[in-house]
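Structure first, commentary second.
Bear in mind that the values in this text are calculations on the coordinates, not laboratory data. Note that the structure is a prediction, hence the values are computed from the model and not measured. Neighbour counts are summed over all protein chains in view; Cβ atoms, including those assigned to glycine, are modelled from backbone coordinates with ideal geometry.
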Amino acid sequence: MSDTPVEQQNTAAYYAQAVASFAVALTAVGLGIANLEADVWVRAFLGVAVLYLTTSSFTLAKVVRDRQEAGQIISRVDQARLEKLLAEHDPFQKL
């Protein structure tokens, strides 16, 4: 059975870029809503909509990641079973 851990493929620079991009986008939308020439209730509605979209995006990303990790775990269990069967198989044994 293989004991190699699942390697993370994202670098620190990629993570920093993603965080910075998110911060810039959220700040830009916030400033745009704040400077919008509309009633307060319209700006409040847009602000709540942005927050809702942000939280639902995080939830979707978590669900996709969890599904992917579950698939990796199932794949590793199947691989371990296959390796065990191959290790126990004796091709010279009579049936």
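What does the helix-only formula give at 222 nm for the chain: each DSSP H stretch with n ≥ 4 adding -39500 (n - 2.57), the total divided by the residues, and the result rounded to the nearest 500 deg cm²/dmol?
-28000 deg cm²/dmol, from helical runs alone.
Any idea what the dipole of segment 43-95 comes to, in debye rounded to 20, about its Cα centre with Lys/Arg Cβ at +1 and Asp/Glu Cβ at -1?
300
Can you compute the charge dipole magnitude of the chain about its Cα centre, using +1 on each Lys and Arg Cβ and -1 on each Asp and Glu Cβ, nothing else charged? Give it in debye, rounded to the nearest 20.
120
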